[in-house]
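The values are calculated or read from the model by the stated rules, or taken from the named source; none is laboratory data. For clarity, every value in this text was computed on a predicted model and none was experimentally measured. Glycine also receives a Cβ, built like all others from the backbone with ideal geometry; neighbour counts cover every protein chain displayed. What goes into the accessible areas is simple: the full protein's heavy atoms, side chains included, and nothing from ligands, DNA or RNA. Shrake-Rupley method; radii C 1.70, N 1.55, O 1.52, S 1.80 Å.
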Amino acid sequence: MLNKPVQDNIDTIPTLLIQNYQDYLTKGIFQMFHNREFCHSSIGDFFQYLCKTDGGAQLMTGLIKHLITMPINPNDPSQTVLYQQKQYLSDYLKKFVQENDDRFFAEFLEQLKEQPITISSLID
């Protein structure tokens, strides 16, 4: 996994230096995956980069779907952060619904035209 400047100058860079650099990058990746900075880059910088890539939005969508639907025990100390993140997403989902209330109400009215709502369907 050599970057372009190293790859372009591979013939002039000593082999040991290249190996040391690769080890340095490996340790940096490890640090970032453990939420630590590497060369003034954080996991937040990586997230911003990921959001700009072609598959980044799909990945984020999958992670959010997984987090929202997974069962989390708020009393389990090992799941405290997941529970807080799920609550955060829940709050933003409610905000999303509020900000799109006119669209949801219009859809609700369309469904009423197609099939009248009964009391029992509201309870389910």
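Can you check what the net charge comes to around TYR88, using other residues whose Cβ is under 14 Å from the Cβ of TYR88 (Lys, Arg +1; Asp, Glu -1)?
On the way: positive: LYS86, LYS94, LYS95; negative: ASP91.
Combined, the nearby Lys, Arg, Asp and Glu give +2.
Tell me, what is the FRET efficiency for LEU82 and PHE105 to the nearest 0.05, using R0 = 35 angstrom and their Cβ-Cβ distance as r?
0.60
Contour minus end-to-end for PHE96 and ILE64, with contour as 0.36 nm per residue of separation and end-to-end as the Cα-Cα distance? Intermediate values should be presented prior to the final figure.
Details: separation 32, 0.36 × 32 = 11.52 nm, distance 1.45 nm.
This chain segment gains 10.1 nm when fully extended.
So if we plug the beta-carbon distance of LEU50 and ILE18 into 1/(1 + (r/R0)^6) with R0 = 30 Å, what FRET efficiency do we get, rounded to 0.05?
0.65
Quick check for you: with a 1.4 Å probe and neighbouring chains kept, what is the accessible area per residue of region 10-88, in Å²?
81
Volume per residue, Å³, of the convex hull around the alpha-carbon atoms of region 10-121?
Convex hull of Cα atoms, per residue: 188 Å³.
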